[in-house]
Structure formats: structure tokens, C-alpha cells
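Below is one structure, written out as C-alpha cells; comments come after it.
The values are calculated or read from the model by the stated rules, or taken from the named source; none is laboratory data. Note that the structure is predicted; figures quoted are calculated from it, not measured. No Cβ is skipped: glycine too gets one built from the backbone with ideal geometry, and neighbour counts run over all protein chains shown.
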Amino acid sequence: MNKRDYLVKTFSRTKRKDYENYILTAIWHKLDNMNLKPVSQQYVKRQNGTYALMDLYFPQLHIGVEVDEAYHQENQKEDKLRMDDIISAVNEDSIHDFQWFRIDATKSLEEINDSINEIVSVIQDKASKTILKWKTYEEELKQLKQQEFLTIYDDISFMDIKDIIANTVFGKNAKRYQRSYFRVKDKLWLWCPKLSIIENGNTKSVAGGWLNILAEDWSYIDESHQDGGIAKERSGSYMEEVESGRERAVFAKYKDNLGFNRYRFVGIFKVSGISPDNEMFIRYLRVNDKVKIVS
């Protein structure tokens, strides 16, 4: 996606929110910097473990903006986050220079514009001290290959399984992969599960009946099937996995903030047995937050 299409799609997400749209587009146009990449509707995981929504985020500068409209101020009850939001959330804990600004949209136009100008000034100052480049997806993958490890804190996602396997992490030579679970080297397997969603307190499968639940802190994954019985029926094969020392490099499939399917690294996991929360599920515990990149 080129810059023009990206920007149109990004800011179109606010078109039904009049005040938010005015404020965010005003910030963007006043900045007048085409090397600066904006992200709309970005969730962030706060240091206290809660999640909050930034209406506009600049990942190159670690600066976020939240617009407080009257609706937001009156509705203090937090909506249940979709799993996609949790996976794609920015982790505030891992960013030392994170900054967050709020604009009260219920103020007068003059006060709103003063706030906009103050924020623009801060962004411009930080941008002037930062080497900015709006990288293409291919450039992001190339830069990743120069790293020794991929970690769960890296702000990168993949468009296709082949980009994980062939183009970056595992150094394989293949054009396409149809499977979402297979061995990549020694005792390490790749697993790309489509995570389940929670509706009205019930877990709903979005991938052939499989139920894959990722803990909010990414410390474990519980797996089952909607027809039930996976834990008891397959306990033998899972115990084989335990005894063999097999590990799973997990790249969870989700939709990004523009609605495109992506894969995000959430850690290295090992099966531990039956889930203590539900005997119908198998539990995988995260044992590492990084994976070595094959040069």
C-alpha cells in the first residue's frame, strides 16, 4: 500500500467522529512531514496492565494523542477488548521515551486549537532530532534480518507465513506455505494460530472449530476444539511433545488496525498438559520472549 492510500484509509476511520476527525487531521496537516507515519486507533498496554486507546500514534517517535469527546467522558465503562486489539497493542513498558497527550474536545475552538498547536510543536521538536524514514514492508523485513533476535516487543508484523519462514526469521527457501503448524528446525516448530474471540462470555472459534485462547499477558495459550474432548483424547500425543522437548514459535494471526490479516510473534511456547482453568483445554506456557534469526 502506497502512502496516499495508507493515509486515506487511516484517517477515514475517524470520519464518523466529527471532533476527533477535525483534531487528528489538523495535527497531521500542521505537521506537514511525509516521512512521519501516523497510526489511527492504536491500543496501548499501560504499565499497570490495563489497555487504553490512542486515537493517533506516531510509532517512529513513540508519541500518542487521545481525543476526549463528551461521549468518552460520560461512558467510563471499558468495552471488552477484541483479541486482535490485544495482540497489536503497543507495550508502554518496553518504550522508555513514551509520551501521551490528551485533547478535550468539549472545550472552545480556540482552546482546542491551542492544544493542537502545543502538541504539534512537541512532535516537530522530537522529529527534528530523529532520523525519520517511512519504511516499506520490504524494508522492514530487510532491517529485521540484520537483528540477532526477534522479540515480542518488536513492533513488526508479517503479511504471510512465507515472510516469516523464507524471508526473515528461519531462512528457508520457499514461495508459499499453506499449513499453520510444521517443524522449522531441530525441536522447534512454527505455529500460526488464529485466536478465538470472546462474545457474551463465550469462546468462539474463527478457524475450523479450533479454540485458541491467548492470555492477555501472553504468558500462555489454551487450545481446544469446539466439539470438545481434545485434552482427554489427545493427551498421549501431547505428552509425547512434552517428553521430546518440542517448542513452538508462535506467530498469532490477527487483523491490524486497517483490517488486514497479519502475523505477530508472541513468544516461544511449550506444552505443559491439561489447562488448570478448563480440563477440555491443553495449555502451552511461554518459555522465551525471543527467537534467534537465522542469517
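Worth pointing out:
- Of the residues making up the stretch 173-187, just one is among the aliphatic types (A, V, I, L, M) and surrounded by fewer than 12 Cβ atoms within 10 Å (Cβ to Cβ), namely 174.
- Residue tally, condition within 24 Å of the chain's Cα centre (by Cα) and not charged (D, E, K, R), over the stretch 91-126: 9
- Failed condition for residue 244, given (1) surrounded by fewer than 15 Cβ atoms within 10 Å (Cβ to Cβ); (2) touching a strand residue (DSSP E or B) at 6+ places or on another chain (Cβ under 7 Å); (3) more than 25 Å from residue 141 (Cα to Cα): (2)
- Scanning the stretch 94-131 for residues that are acidic (Asp, Glu), surrounded by 12 or more Cβ atoms within 10 Å (Cβ to Cβ) and within 28 Å of residue 49 (Cβ to Cβ) yields one hit, 104.
- Some residue of the stretch 132-142 being surrounded by 16 or more Cβ atoms within 10 Å (Cβ to Cβ), farther than 27 Å from residue 53 by Cβ, within 21 Å of the chain's Cα centre (by Cα) and not aromatic (Phe, Trp, Tyr): yes
- Residue 63, sole failed condition from (1) loosely packed, with under 13 Cβ neighbours inside 10 Å; (2) touching a helix residue (DSSP H, G or I) at 6+ places or on another chain (Cβ under 9 Å); (3) not aromatic (Phe, Trp, Tyr): (1)
- For the stretch 258-295, a residue qualifies if it is exposed (fewer than 14 other Cβ atoms within 10 Å of the Cβ) and either hydroxyl-bearing (Ser, Thr, Tyr) or in contact with a helix residue (DSSP H, G or I) (Cβ under 9 Å, 6 or more places away or on another chain) (or both), and the qualifying residues are 259, 279, 295.
- Odd one out for residue 218, checked against (1) part of a strand (DSSP E or B); (2) under 27 Å from residue 39 (Cα atoms); (3) at pLDDT 90 or above: (1)
- With a requirement of 2 or more residues that are over 29 Å from residue 195 (Cβ atoms) and at pLDDT 85 or above, the helices (runs of 4 or more DSSP H) lying completely within the stretch 1-115 that satisfy it span 3-12, 18-31.
- Tally, over the stretch 34-55, of residues that are over 15 Å from the mean Cα position of the chain (by Cα), surrounded by fewer than 18 Cβ atoms within 10 Å (Cβ to Cβ) and touching a residue at least 60 places away in the same chain (Cβ under 8 Å): 3
- Within the stretch 177-194, being over 23 Å from the mean Cα position of the chain (by Cα), in a loop (DSSP other than H, G, I, E, B) and either free of Cβ contacts under 8 Å to residues at least 40 places away in the same chain or over 18 Å from residue 287 (Cα atoms) (or both) holds for one residue alone: 186.
- The one condition in (1) in contact with a strand residue (DSSP E or B) (Cβ under 7 Å, 6 or more places away or on another chain); (2) closer than 27 Å to residue 178 by Cβ that residue 149 fails to fulfil: (2)
- From the list 158, 170, the one residue that fits, being among the aromatic types (Phe, Trp, Tyr), touching a helix residue (DSSP H, G or I) at 6+ places or on another chain (Cβ under 6 Å) and either buried (at least 16 other Cβ atoms within 10 Å of the Cβ) or farther than 30 Å from residue 249 by Cα (or both), is 158.
- Summed over the stretch 256-280, the residues that are within 22 Å of residue 162 (Cα to Cα), of a type in the set (A, V, I, L, M) and modelled with pLDDT of 90 or more give a count of 2.
- Selected residue (only one of 161, 156, 112 is aliphatic (A, V, I, L, M) and in contact with a Phe, Trp or Tyr (Cβ under 7 Å, 6 or more places away or on another chain)): 161
- Look at the stretch 126-142: where a residue is under 25 Å from residue 167 (Cβ atoms) and a partner is β-branched (Val, Ile, Thr), sitting 6+ places away or on another chain with Cβ atoms under 7 Å, you get 140/156; 141/168.
- Residue-level check: of (1) more than 16 Å from the chain's Cα centre (by Cα); (2) closer than 25 Å to residue 218 by Cα; (3) touching a residue at least 12 places away in the same chain (Cβ under 8 Å), residue 171 misses just (2).
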